[in-house]
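Nothing in this text is a laboratory measurement; each read-out follows from the coordinates by a stated rule. This structure is a prediction, so every number in the text was calculated from the model and none was measured. Here the Cβ positions follow ideal geometry from the backbone for every residue, glycine too, while neighbour counts run over all protein chains shown.
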Amino acid sequence: MDDDDSLDTEWLPYDDSSTSTASFSLGKSLLRSLGEQENDGSSDSDDDNITHEFDENGRPIFPEFKESYMNKPQLIEGMKFPNVVTFRKLLREYHIKESYEFKFLKNEFRMVTVKCAHDCGFRLHASPMYEERSFQIKKIDQQHSCTWKYTNNDATSSWLSQRAKRKVLELIRGDHRGQYAKLWDYCEMVRIQNPSSTAKIKVDTESLPEVGPVFERIFISYDGQLRGFLSGCRHIIGLDAYFLKGPFGGQLMHAVARDANNQMFPLAFVVVESETKANWTWFMGLLVNMIGDPAERGWCFVSDRQKGLTQTFAEFYPNVEHRYCVRHMFSNFSKVYKGKEWKDIMWKAALVYTV
């Protein structure tokens, strides 16, 4: 059910394959956005055309700013920021580290336009996006062609203190980037020390051959979780996803069951690039491979209306019972219908057994 052509490396029960070691790079979206520049056009209009790809619904896909970009700043046409403050920080970081100087032509909450302080031709325009609360680089006209400067007024004491803070946090938290190189060893150790567990890593070897395998996804389910679920849990599986707040982002998806005491029982989890239909389909395919066919075994899945998950059920599991979580439904319901009376009415409706 996965259309990707990238390499899958999998350990399944009683796999006799030999131990291997590999170093994974960061997600391909990060590497691409750190290495690409798009520099066409010269207008400052919000309607400027930006070269981009499109998702399955025809919407344009733009690179998104991540905090880790501060370590190797690049100004990429089309990049989205949560607000103008974050954009200004990256703008300053880029010019200090690249030893260029710039000056503001406009520096407002809804519009920022800068040019090279030495008139080499560099010019950048950024403003809010029309359909969402994001600040975006709309146009970059020509990269800097002036010579490096050995003095920079933007390198203030405040900027220096922030660099020192990042260094301290790296010492405390460790090197997140280096942890990707250990994933292969971790999965191999799970296979050796906890036989019959499932550990699968998905990497991309084609998009960036010069940097080697690029980490995309990882699936983990321990043998004890599967045996406990099959022997003592209800036929209900909850599915959900959360944003990872580390320096490289991504999302954590998981499957949770209910045991005989009505307590949560973790079943499996994955770390993926983003919450998409392709990732939900990949996760569900591995999960079903472990627990058996949901239609035959009578599993009932409960989830929010996650992006891509409802489409996965409709396409691949049309005969499987899939319910929506009332708590998530109520959080949306309460935005319009507030108060305890409405809450009690909704929960009474959710608990009845007839139409």
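Quick notes on this one:
- Judged by the mean number of other Cβ atoms found within 10 Å, the most tightly packed of the peptides 70-78, 274-282 leads the ranking 274-282, 70-78.
- Straight-line cross-link partners of Lys138 among the lysines, defined as a Cα under 24 Å from its Cα and at least 8 positions apart when in the same chain: Lys28, Lys66, Lys72, Lys80, Lys89, Lys97, Lys103, Lys106, Lys115.
- Applying 0.36 nm per residue to the separation of Lys106 and Lys340 and subtracting their alpha-carbon distance, the gain on full extension is 79.4 nm.
- Pairs of lysines in the stretch 157-214 (C-alpha under 29 Å apart; 8 or more residues apart or interchain): 4
- Where labels lie 7 Å past Cα in the beta-carbon direction, separation of Glu170 and Asn57 in nm: 3.8
- The stretch 93-219 shape via C-alpha gyration tensor axes, a/c threshold 1.5: prolate
- Shape call, the stretch 235-355: gyration tensor on alpha carbons, a/c limit 1.5: oblate
- Mean Cβ neighbour count within 10 Å, used as a protection proxy, ranking 340-351, 206-217, 324-335 highest first: 206-217, 324-335, 340-351
- Around the Cα centre of the stretch 107-149, unit charges on the Cβ atoms of Lys, Arg, Asp and Glu (plus for the first two, minus for the last two) sum to a dipole of about 100 debye.
- Euclidean distance of C-alpha centroids, the stretch 275-290 and the stretch 120-148, integer Å: 38
- On full extension, the segment bounded by Arg227 and Met329 gains 33.5 nm, given 0.36 nm per residue less the C-alpha separation.
- Cα-based shape type of the stretch 273-335, given that a ≥ b ≥ c are square roots of the gyration tensor eigenvalues and the cut on a/c is 1.5: oblate
- In this structure the amide hydrogen of Lys307, modeled in the peptide plane, comes within under 5 Å of no amide hydrogen from residues 5 or more places off or on another chain.
- Residue-by-residue Karplus 3J(HN,Hα) for the stretch 277-282, coefficients 6.51, -1.76, 1.60, Hz, glycine and proline x: 4, 4, 6, 5, 5, 4
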